[in-house]
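> The structure under discussion is supplied below as structure tokens; questions concerning it will follow.
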Amino acid sequence: MNEKKGPSKRILRKEMMMESDRQDILDTASRLFAAQGIDQTSMSDIADQSGFSVGKVYKFFPSKKSLFLHIVGAFLERLYNSSLQANDESLPPLKRLENVLQAAIDVANSDPERILIHLRESPTLFAELRLQYHDIYIVTTSKLLAEAMEAGHLKPHDPQVLAVMLVGSVGALFTYLATSGEEEPFSEIPHLVLDCLISPLTVDPPSVDEEKSL
């Protein structure tokens, strides 16, 4: 009995070329959306700049909105996955919070075009997608803050409210710094957010004299 053969080299090569073409279209669209906005960018512009026919662009993406949502969705997923990997449960909760925030900033600094697209366009274009990841960050941050409070590292507060403040502050700083022209415009966000919102709530460890009196 003959064993079932896998795809031929020719088919694999064709699939690799298609994926390469698809990525070229995504990269071109990202650059154009960041430079001039989605409304001012046509599928013809994307085709011309990427070196493909309009028909080929539509073959991969049935509409400009679907192309836009793919770009934003893939970027938000990268942000989330990097933060998820940084959330090492063997570390104290505040260190994990710092690492989660830093991981997201590293991704943002590596791809500022995606941040510009995300911030420039109307939230109604990707409201459901944006809300989904926003809620994920609120839940993750709230959980880490609650753990820090339970461990006695933070003064007691409503972790949900504090998480909303923290995530909202990060979003506001993204908006403010995105057009600064700096090479890594978001690098100071972790320090700003943690110093202004978390440090004032940190419980100071007992002094040596206090420990002796316990």
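FYI, it's all coordinate maths here, none of it is from the lab. Quick caveat: nothing in here was measured; it's all calculated off a predicted structure. Ideal geometry is used to build each Cβ from the backbone, glycine not excepted, and the neighbour counts take in all protein chains shown.
> Apply the a/c threshold of 1.5 to the C-alpha gyration tensor of segment 7-62 and tell me whether it is rounded, prolate or oblate.
Since a/c reaches 1.5 and a/b is larger than b/c, the shape of segment 7-62 is classed as prolate.
> Under the rule of -39500 (n - 2.57) per DSSP H run of 4 or more residues, summed and divided by the residues of the chain, what mean residue ellipticity at 222 nm is obtained, to the nearest 500 deg cm²/dmol?
-22500 deg cm²/dmol
> What is the extension gain from S8 to H157, computed as 0.36 nm multiplied by their sequence separation minus the C-alpha to C-alpha distance, in nm to one decimal?
Contour length minus the Cα-Cα distance gives 47.6 nm.
> Using DSSP loop states and a limit of at most 15 other Cβ atoms within 10 Å to flag GluC sites (Glu not before Pro), what is the longest stretch of the chain containing no flagged site? Present the calculation step by step, with values, prior to reporting the outcome.
On the way: sites that count: E3, E89, E182, E183, E188.
Of all site-free stretches, the longest is 90-181.
> Taking just the alpha carbons, could you work out the radius of gyration and Dmax for the chain, both in angstroms?
Values for the chain (Cα only, Rg and Dmax): 22.5, 82 Å.
> Same structure, new question: What does the charge count around S30 come to, taking other residues whose C-beta lies under 9 Å from its C-beta (Lys +1, Arg +1, Asp -1, Glu -1)? Spell out each step's value before the answer.
Details: positive: R31, R114; negative: D27, D111, E113.
With Lys, Arg at +1 and Asp, Glu at -1, the neighbours total -1.
> Could you give the size of the charge dipole of the chain about its Cα centre, using +1 on the Cβ of each K and R and -1 on the Cβ of each D and E, expressed in debye and rounded to the nearest 20?
Roughly 1440 debye, rounded to the nearest 20.
> I've got another one for you. What is the distance in Å between the Cα centroid of segment 52-131 and that of segment 138-192?
17
> Hey, what did segment 7-62 get for relative contact order, percent, Cα under 8 Å, at least 6 apart?
28
> Now a separate question. About the Cα centre of segment 1-120, how large is the charge dipole given +1 on each Lys and Arg Cβ and -1 on each Asp and Glu Cβ? Please answer in debye to the nearest 20. Walk me through the intermediate numbers first.
Numbers: 17 positive and 16 negative charges, 122 e Å.
That gives a dipole near 580 debye.
> Under a crude label model (7 Å from the Cα following the beta-carbon direction), how far is S199 from Q132 in nanometres?
So the two model labels end up 3.7 nm from each other.
> Which order do peptides 192-204, 24-36, 155-167 fall in by mean Cβ count within 10 Å, highest first?
Descending mean neighbour count gives 24-36, 155-167, 192-204.
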